[in-house]
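> Encoded as structure tokens, here's the structure I'll be asking about.
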Amino acid sequence: MPKNQWCFLLKIINFVKMKVQNKMERGVPVTEKQGKIFWHSGNFSALQLELLLYLGYLKFIDEKQLSKEPLIMDALVIKKDPDVVIEKNIGRIFKEHNLIEFKSEKDYLSVSDYKKVANGYAGIYASFEDVDYSDMTVTFIVNKKPVKLFKELVGRGFSIKEVESGIYYLEGEHYPVQIIEIKKLDADANIFLRSLRSDVTREEAEKLVSELIKHNAWDLASPLLNNVTEANADIFEEVMDMSNEVAERFKEVLRKKGTLDDLIEEGELKGKEKTALNMLGKGVEPDFIADCVEMPVEWVKSLRV
């Protein structure tokens, strides 16, 4: 393997291991669900990745402000050409103006949450932007199926149909509404949204990395990867330890998204020390290691003591 690839590979493996070790040092088991992770940026990233084939036809607006008051919807997707047909499963319902609301992993879509968006934000947007209800849709992206909400809506005369695994259409509002339960989505069709959890499997992690490489969408992927690797550091460590092929894939993702240096800097001297010790353990010469970690040869040799 070329020298620069050795350096990248060992740095990445040690970065993920360092994140796991930091959790253990804080007394947090690596299998424990994550605390407060701000999933919004990952959701917005995944939404665009899911609709990657239509980026030229759609305008994505993050945190659309509805008025001078602090009323902000999570995302807005506008068709640049109203006649464009979206075949992607999560976008088949789309019309010209599409309001999106995300619920993070630990949040639940309550009746009041639904009313705030479907009856409040949607009405305000239609009024301020002079949009007809017939040109609008509302989408909720959730981790947990909102059982209580569904019961409430059915009691009010709404009909709810699961058109495919994890995608529910609601009828009864002035405009189409869909609720997307990400964990039930098909992994082959919707790996980006499906990955927005702290319990992804090894297979899902491998597929996510493979799909990102295939689509070559690094700028869009960065927020999603930040969330997913933070929430699943132990799984990504396992993935990289499985085979050089998978480790190389993940290395390529981090290099392409341009945040490898930021990630290594997070560990600073500790990360360089772990990398150097790992390489020393593999019998790599100190001069070679010094170039990789950008430290003096004497410093590398001192680690042998």
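> Below 13 angstrom from the Cβ of Ile61, what's the summed charge of the other residues (Lys, Arg +1; Asp, Glu -1)?
0
> Let me ask something else about it. Around Gln178, what is the net charge, scoring Lys/Arg as +1 and Asp/Glu as -1 over all other residues with Cβ under 12 Å from its Cβ? Show your work: numbers first, answer last.
Numbers: positive: Arg92, Lys95, Lys161; negative: Glu101, Glu162, Glu164, Glu171, Glu173, Glu181.
Residues close to Gln178 contribute a combined charge of -3.
> If you plug each phi of the range 291-297 into the Karplus form 6.51 cos²θ - 1.76 cosθ + 1.60 with θ = phi - 60°, what whole-Hz ³J(HN,Hα) values come out, in order, with x for Gly and Pro?
Once rounded to whole Hz, the list reads 5, 5, 8, 6, 10, x, 4.
> Let me ask something additional. Take the residue pairs Lys79/Lys184; Lys106/Lys161; Lys274/Lys301; Lys59/Lys106; Lys115/Lys148; Lys64/Lys183 and return only those whose Cα atoms are more than 23 Å apart. Please report the intermediate quantities before stating the final value.
On the way: Lys79/Lys184 27 Å; Lys106/Lys161 25 Å; Lys274/Lys301 14 Å; Lys59/Lys106 29 Å; Lys115/Lys148 13 Å; Lys64/Lys183 26 Å.
Violating the 23 Å Cα-Cα cut-off are Lys79/Lys184; Lys106/Lys161; Lys59/Lys106; Lys64/Lys183.
> So, one more: Can you list the residues, at least 5 places off or on another chain, whose amide H is less than 5 Å from the amide H of Phe140, using H built in the peptide plane?
Result for Phe140 returns Glu101, Gln178, Ile179, Ile180.
No value in this document is a laboratory result; all are computed from the given coordinates. Predicted model, so just to flag it, every value in this text is computed and none were measured. All Cβ positions, glycine included, derive from the backbone under ideal geometry; neighbour counts span all protein chains shown.
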